[in-house]
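Student: Once you've had a glance at the structure underneath, I'll fire off some questions.
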Amino acid sequence: MAGPRRAAVAVRRWGTLTAVASGAAAAAVERTSPEQARRAWPRWLAGGVALLVVAVVAVFWEAGGARLLLGVAGVLTAGRGAVLAASGRGRVAGVAALVVGAVAVAVALGPAGAASRVLLVAVPAGLLVGALALLGRGGAVRRSGQAALVWWTLVTGLLATTGLVAGWDRAADGATVVGALGLGLLGVVLLVGSASLRAIATRPAPARPAACAGCACGAGGCGVPR
């Protein structure tokens, strides 16, 4: 477990966890109306707390931590894929995420050794996908993607070194710890986002001009000057 501990220390030293959480939260809550924020922030708060609890349990539950982590990640991935597939936006990506999530859940229901070996591959792959997704944005979110790419490089290198020096079983255990840290980071993103959403929810609604009846605001506006 020494490798993942060194990875965590290096990540904190570079400040990437804070940067990634802040940037991802900013990307998630941008263009959110006060009405949407009022409905969303309690769910984000509950989800963030739940993910932090799962991350802690996964780290300290030696017998089933890998299965718990893979199962929760699979459910989240499948749920996100179902939403994308149903919305019609990115249907191919949504179906792919749904299938990947279902496979992860199926593996999580099997032996613990299989789950930890899947995490050995899935954790670096997930970090890389997340980093590339953030890099595709602009501004502060892009800088968060660069920070996430640094974290991916450190984690991948340490897991590979651990596997070559101490054995791949030890590296798989390390991947479970790193995956739990990643899930905890997602929980932090939700908590930061819930605070931002709550702040948005408290903003007063903008005053409407006399000629505005509010009938086209949801469609981008009707062109009446504000």
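The values are calculated or read from the model by the stated rules, or taken from the named source; none is laboratory data. Values in this document were obtained by computation on a predicted structure and should not be read as measured data. Note: ideal-geometry Cβ built from the backbone for every residue, glycine included; neighbour counts use all protein chains shown.
Student: In the stretch 145-196, how many residues are in contact with a Phe, Trp or Tyr (Cβ under 9 Å, 6 or more places away or on another chain), under 19 Å from Val121 (Cα atoms) and modelled with pLDDT of 85 or more?
Tutor: 2
Student: On to the next question. Report the residue count in the stretch 62-95 for those that are surrounded by 13 or more Cβ atoms within 10 Å (Cβ to Cβ) and under 17 Å from Val118 (Cβ atoms).
Tutor: 15
Student: Let me ask you something else. Let me spell it out: the conditions are (1) over 19 Å from Gly163 (Cβ atoms); (2) under 16 Å from the mean Cα position of the chain (by Cα); (3) surrounded by fewer than 21 Cβ atoms within 10 Å (Cβ to Cβ), and Pro124 meets all of them except one. Which number is the exception?
Tutor: The single condition Pro124 does not satisfy is (1).
Yes/no per residue for (1) more than 23 Å from Ser194 (Cβ to Cβ); (2) at pLDDT below 85; (3) in contact with a Gly (Cβ under 9 Å, 6 or more places away or on another chain); (4) not small (Gly, Ala, Ser):
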{"position": "Ala37", "(1), (2), (3), (4)": "no, yes, no, no"}
{"position": "Ala40", "(1), (2), (3), (4)": "no, yes, yes, no"}
{"position": "Val56", "(1), (2), (3), (4)": "no, no, yes, yes"}
{"position": "Ala66", "(1), (2), (3), (4)": "yes, no, yes, no"}
{"position": "Gly74", "(1), (2), (3), (4)": "yes, no, yes, no"}
{"position": "Arg89", "(1), (2), (3), (4)": "yes, yes, no, yes"}
{"position": "Val99", "(1), (2), (3), (4)": "yes, no, yes, yes"}
{"position": "Ala104", "(1), (2), (3), (4)": "yes, no, yes, no"}
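Student: Six or more apart or on different chains, Cβ atoms under 7 Å: show the pairs whose first residue is in the stretch 48-62 and under 13 Å from Gly182 (Cβ atoms) and whose second is modelled with pLDDT under 90 and of a type in the set (Ser, Thr, Tyr).
Tutor: From residues that are under 13 Å from Gly182 (Cβ atoms), the pairs are Ala58/Thr176.
Student: Another one. Restricting attention to the stretch 144-159, which residues are surrounded by 15 or more Cβ atoms within 10 Å (Cβ to Cβ) and closer than 30 Å to Gly64 by Cβ?
Tutor: To start, the set of residues in the stretch 144-159 that are surrounded by 15 or more Cβ atoms within 10 Å (Cβ to Cβ) comprises 144-152, 154-156, 158-159.
Hits for the stretch 144-159 are Ala148, Trp151, Trp152, Leu154, Val155, Thr156, Leu158, Leu159.
Student: Within the stretch 136-143, identify whether any single residue is of a type in the set (Lys, Arg), surrounded by fewer than 20 Cβ atoms within 10 Å (Cβ to Cβ) and within 22 Å of Leu69 (Cβ to Cβ), and answer yes or no. Quick ask: steps written out before the conclusion?
Tutor: Pass one, the stretch 136-143, residues of a type in the set (Lys, Arg): 137, 142-143.
Within this subset, residues satisfying the condition of being surrounded by fewer than 20 Cβ atoms within 10 Å (Cβ to Cβ) are 137, 142-143.
Pick out the ones that are also within 22 Å of Leu69 (Cβ to Cβ) and you get none.
Within the stretch 136-143 (the criterion being of a type in the set (Lys, Arg), surrounded by fewer than 20 Cβ atoms within 10 Å (Cβ to Cβ) and within 22 Å of Leu69 (Cβ to Cβ)), the answer is no, since none of the residues qualifies.
Student: While we're here: Could you please give the count of residues in the stretch 85-115 that are among the polar types (S, T, N, Q) and on the phi > 0 side of the Ramachandran plot?
Tutor: First, the residues of the stretch 85-115 that are among the polar types (S, T, N, Q): 87.
So of that shortlist, the ones also on the phi > 0 side of the Ramachandran plot come out as none.
Qualifying residue count for the region: 0.
Student: Further question: Among the numbered criteria (1) closer than 20 Å to Gly174 by Cβ; (2) surrounded by 18 or more Cβ atoms within 10 Å (Cβ to Cβ), which one does Gly113 miss?
Tutor: For Gly113, the failing item is (2).
Student: Scan the stretch 77-122 for residues that are under 24 Å from Val178 (Cβ atoms) and not in a helix (DSSP H, G or I) and jot them down.
Tutor: Leu109, Gly110, Pro111
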